[in-house]
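This report refers to the structure that appears directly beneath it.
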Amino acid sequence: MSRNTPYQPVLLRLLHNAIALLVFAALITGFMVYDRYDKRFGTLNLPIIRDTQGIHGTIALIFLIGLPIFALYCFHIGSRRLVQPPLSHFQEVGKPIWWVAIQRLVNTTILLSGTLAVITGRMMDEEWLPNQDFNHAGYIGHLISWVLMILSIAMHLLMSAKVGGMPLLLSIYSWRIRAEDTPIHWFKSFKIKPSSPILLMMEVLVIGGIAIAFILPAFYSK
Ligand code: HEM
Ligand code: HEM
């Protein structure tokens, strides 16, 4: 295969695809919880499955544990795929570099939406929805994070398609492994220092937000 075919490092493929699977599972099971109890914004009247909340809670907890690992990869190894200077590229509307800048911004937005989802998810109480108690800030925020997650994934797919077409989209699911892409090389490009102040700010928001999500239940009075 030509050297020009997009190639995604094995570590990125492993972490990205595990996280993507968990996100889709959380989006679906989260919607099932909404569809069973809330229905205020429309319903699909899906068949009722026992303990939907428990299933969602378990998938969501694995997502909460996996997200910081993926985020650390993104900020310290894969940071060229996230937002970065010069921000003047955002003014070059319509040029190829503008689309790349938007794609990187969208990749960063996904991490922020995931962070909002875990913070608000940790504010949720499993008693609220069965008791028709829908007006808690944590629940409204959790619903908003669901919408943001869907929008940012849609943009992620559109922008990746625009920048690299089908070959780029499919590269994340490719089984091809370069001879030099072995575990001892995976961390060679690890950079402790974020490559720009804007990335540092994003990392503080994402990693700080996830840390808050972990300790939140201890402080949040439901
Ligand atoms: C309509 C959408 C959603 C609804 C109605 C919903 C509902 C809930 C409920 C009821 C809980 C509490 C479960 C429990 O305590 O056992 C919860 C927790 C959680 N949710 Fe969601 N959710 C939605 C979407 C999402 C999405 C898209 C994500 C992440 C991508 C997510 C991540 C979480 C997390 C991390 C928790 C905390 C789990 C824990 O502490 O064990 N949720 N959600
Ligand atoms: C069918 C679904 C998906 C496809 C086809 C896909 C495809 C891709 C591709 C091709 C890249 C590499 C872009 C590049 O090299 O410039 C990428 C990166 C990325 N994707 Fe996805 N993606 C999907 C779902 C998701 C989901 C659900 C998330 C949510 C967590 C996500 C988060 C990211 C992030 C944060 C990056 C940047 C990684 C880095 O900084 O190294 N993707 N995706």
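The values are calculated or read from the model by the stated rules, or taken from the named source; none is laboratory data. What you see is a predicted model, and the numbers here were worked out from it, not measured in a lab. Don't worry about glycine lacking a Cβ; one is built from the backbone with ideal geometry, like all the others, and counts go over all protein chains shown. Heads up: the accessible areas ignore ligands, DNA and RNA and are worked out on the full protein's heavy atoms, side chains in. Shrake-Rupley method; radii C 1.70, N 1.55, O 1.52, S 1.80 Å.
Yes/no matrix, rows are residues, columns are (1) out of contact with any Pro (no Cβ under 8 Å at 6 or more places or on another chain); (2) hydrophobic (A, V, I, L, M, F, W, C); (3) within 16 Å of ligand 2 (Cβ to nearest atom):
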position	(1), (2), (3)
108	yes, no, yes
112	yes, yes, yes
131	yes, no, no
136	yes, no, no
153	yes, yes, yes
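Criterion first (within 28 Å of residue 201 (Cβ to Cβ), surrounded by 14 or more Cβ atoms within 10 Å (Cβ to Cβ), of a type in the set (Phe, Trp, Tyr) and touching a residue at least 60 places away in the same chain (Cβ under 8 Å)) does residue 146 satisfy it?
yes
Any residue in segment 182-209 that is among the polar types (S, T, N, Q) sitting within a Cβ distance under 8 Å of a residue that is surrounded by 11 or more Cβ atoms within 10 Å (Cβ to Cβ)? List the pairs, counting only those 6 or more apart or interchain.
Here the result reads 189/77; 195/79; 195/84; 196/84; 196/85, each pair linking segment 182-209 to a residue that is surrounded by 11 or more Cβ atoms within 10 Å (Cβ to Cβ).
Given segment 105-222, what helices (runs of 4 or more DSSP H) lie entirely inside it while holding 1 or more residues that are hydroxyl-bearing (Ser, Thr, Tyr)?
It comes to 137-171.
Those residues that are open to solvent by 10 Å² or more (accessible area, probe 1.4 Å), within 12 Å of the chain's Cα centre (by Cα) and more than 14 Å from residue 190 (Cα to Cα), I need them from segment 61-84; list them, please.
63, 66, 68
Per-residue answers, yes or no, for (1) within 24 Å of residue 55 (Cβ to Cβ); (2) hydrophobic (A, V, I, L, M, F, W, C); (3) open to solvent by less than 50 Å² (accessible area, probe 1.4 Å); (4) modelled with pLDDT under 95:
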residue: 106; (1), (2), (3), (4): no, yes, yes, no
residue: 117; (1), (2), (3), (4): yes, yes, yes, no
residue: 130; (1), (2), (3), (4): yes, no, no, no
residue: 139; (1), (2), (3), (4): yes, no, yes, no
residue: 158; (1), (2), (3), (4): no, yes, no, no
residue: 164; (1), (2), (3), (4): no, no, yes, no
residue: 173; (1), (2), (3), (4): no, no, no, no
residue: 183; (1), (2), (3), (4): no, no, no, no
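Does residue 55 fit the bill of being closer than 22 Å to residue 13 by Cβ, part of a helix (DSSP H, G or I) and not polar (S, T, N, Q)? Steps first, please.
Details: closer than 22 Å to residue 13 by Cβ: no; part of a helix (DSSP H, G or I): yes; not polar (S, T, N, Q): yes.
Spelling it out, it is not the case that residue 55 is closer than 22 Å to residue 13 by Cβ, part of a helix (DSSP H, G or I) and not polar (S, T, N, Q).
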